[in-house]
Amino acid sequence: MKKIVCFHLFNDYSGSPKVLRTVLGGLAARGMRIDLLTSKGEGALSDLGACAGVRMSTYAYRFSDNGAVTLVRYAAVQLYTFCRALRYVRDRDAVFYVNTILPVGAALAGRLMGKRVVYHYHENAFAKGTFYKLLARAMERLASEVVCVSDYQRSFLKRQQGVRVIPNALPEAFAARLCPDPTGAFDRKRVLMLGSLKRYKGTAEFIELARSLPEYAFELVLNEEAEPIEAFRKTCGAWPENLTVHARQQDVAPFYNRASVVLNLSNKKLFIETFGLTALEAMTAGLPVVVPTVGGIAELVDDGVNGYKIDVQELEKVAGAVRGLLSDRERYVAMAEQALRTAARYSAENMCRQLAQLLEGG
């Protein structure tokens, strides 16, 4: 049986480590041997070291508000992981599994040693800056196989051979804690968004939406610590009374269980979602969603059936969609039931099975 040597740059509670946690947990349950190298600190991957068959190693890494400092830290980690990867030079069964395009040092070492290097590609690098485009081109050269999470994402790659689309899925344990209740959700009249303080995530627009819809409760969960959130609040003035903002959460299931509608207000002119894990989480909870009109996230939504596809630039239209949903019980329940049917197609078991076959060389 192959040994999976997995590299992930930064362990937090964002989408890519959450998906990786599901994948590695599923692979370990199949009896596969896994070595994981990632950053120290609390995140979605932190408990993997306790799983049978998983050996976890960590290094110090974190982002900085200073771009130059972050780049230096990133380069240092690439050198470190390159050297760590060389330890597997005599391990003929080792397959390098690189999560996101960022661990390029490990991928380079793997190719130099003649290893199979499988990239799990979560970003849309070609909608970002030059640095990410360079990393994506390196991936196309270094990877034995590339796993994309959506057809939209795959369409940007020049490479055609050795590319497979395997959509993301939710951990079964997480999905089991979501409690779909369309009638109860309609009565709650609560609008939820999960995001960050990055400008392209639409946080400022969500706050403006809360101001324009005072008849509904708004809840915002940010993947940030309390201090930067407070600094952001000071730049925005007084937040509307119907808005509650939460710092980084280890468990977001309770937020979905008390929501009615979930929004993703990513600005397609600045950033495009390659998949949209929060939309899948929402639909698994039986909640209609509002998402952008392009990207992998848009592939989850049938406009007017299980949600709406509306860009953040049309904020009044977003407000109209929310108001329309939360004022028409029959329409709301029908869309909630369709959201559940959509979510059922995205199985963690199916995702893990496909990845296990790929990593085993099947």
* **From phi via Karplus (6.51, -1.76, 1.60), per-residue ³J(HN,Hα) for the stretch 266-271 in Hz, x at Gly/Pro** => 4, 7, 5, 7, 10, 6
* Within the stretch 322-362, report the trypsin sites (Lys or Arg not before Pro) that DSSP leaves as loop and that have at most 13 other Cβ atoms within 10 Å. => Arg345
* To do: With +1 on each Lys and Arg Cβ and -1 on each Asp and Glu Cβ, and nothing else charged, work out how big the dipole of the stretch 175-241 is about its Cα centre, in Debye to the nearest 20.
  => 160
* Enter the Cα centre distance for the pair the stretch 1-52 and the stretch 260-322, rounded to the nearest angstrom. => 28
* Structure fact -> Computed ³J(HN,Hα) along the stretch 176-187: with the Karplus parameters 6.51/-1.76/1.60, θ = phi - 60°, integer Hz and x for glycine or proline, the list is 5, 8, 8, 10, x, 7, x, 5, x, 5, 4, 5
* Structure fact -> For the stretch 95-154, the charge dipole (Cβ of Lys, Arg +1; Cβ of Asp, Glu -1; about the Cα centre) points to a positive end, and the Cα of Ala109, Tyr97, Ser144 closest to that extreme belongs to Ala109
* Asked: What's log10 of I(q)/I(0) for the stretch 282-328 at q = 0.18, 0.25 Å⁻¹, Debye sum over Cα points only, no solvent?
  -> -0.51, -0.95
* To do: Kindly rank 42-49, 126-133, 241-248 from highest to lowest mean number of other beta carbons found within 10 Å of each residue.
  => 42-49, 241-248, 126-133
* Structure fact -> Ranked by GNM mean-square fluctuation in the chain (Cα springs under 10 Å), the top entry among Ala344, Ala107, Ala125 is Ala344
* Structure fact -> For the stretch 1-112, the per residue accessible area (1.4 Å probe, Å²) is 45
* Accessible-area composition of the chain, carbon plus sulfur, in percent [1.4 Å probe] -> 52
* Asked: When the helix-only estimate is applied to the chain (DSSP H runs of n ≥ 4, each -39,500 (n - 2.57), divided by the residue count), what is the mean residue ellipticity at 222 nm, nearest 500 deg cm²/dmol?
  -> -12000 deg cm²/dmol
* **Other-chain or far-sequence residues with amide H under 5 Å of Met56's (modelled H)** => Leu36
* To do: Using the heavy atoms of the protein chains and a 1.4 angstrom probe, tell me the accessible area per residue for the stretch 221-289 in square angstrom.
  => 40
* Asked: What percent does the relative contact order of the chain come to when contacts are Cα pairs within less than 8 Å and at least six residues apart?
  -> 15
* **Net charge over other residues, Cβ less than 13 angstrom from the Cβ of Asp93 (K, R count +1; D, E count -1)** => +4
* Taking only C-alpha pairs under 8 Å that are 6+ residues apart, what is the relative contact order of the stretch 209-283 in percent? -> 30
* Go through the stretch 58-73 residue by residue and turn each phi into a ³J(HN,Hα) via Karplus (6.51, -1.76, 1.60, θ = phi - 60°); whole Hz please, and just put x for glycine and proline. => 9, 9, 7, 7, 7, 7, 10, 5, 8, x, 5, 5, 4, 5, 5, 4
* Using a/c under 1.5 as the rounded threshold, could you call the stretch 51-172 rounded, prolate or oblate? The axes a ≥ b ≥ c are square roots of the C-alpha gyration tensor eigenvalues, and prolate needs a/b larger than b/c, oblate otherwise. => rounded
* Given H placed 1.01 Å from N in the peptide plane, which residues other than close sequence neighbours of Asp302 have an amide H under 5 Å from its amide H? -> Gly307
* Taking a probe of 1.4 Å, how large is the accessible area per residue of the stretch 122-168, in Å²? -> 47
* Evaluate the relative contact order of the stretch 181-317 (contact order divided by residue number), counting alpha-carbon pairs under 8 angstrom at least 6 apart; express in whole percent. => 26
* Please name which of Pro292, Ala279, Met335 has its Cα lying farthest along the dipole of the stretch 276-350 towards the positive end, using unit charges on Cβ (Lys, Arg +1; Asp, Glu -1) and the Cα centre as origin. => Met335
* Determine, for each peptide in 63-73, 141-151, 269-279, 163-173, the mean count of other beta carbons within 10 angstrom over its residues, then list the peptides with the highest first. => 269-279, 141-151, 163-173, 63-73
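The values are calculated or read from the model by the stated rules, or taken from the named source; none is laboratory data. Note that the coordinates shown come from a computational prediction; the quantities given were computed from them, not determined experimentally. Cβ atoms come from the backbone with ideal geometry, glycine included; neighbour counts cover every protein chain shown. Side chains included, ligands, DNA and RNA excluded: accessible areas come from the protein's heavy atoms. Shrake-Rupley method; radii C 1.70, N 1.55, O 1.52, S 1.80 Å.
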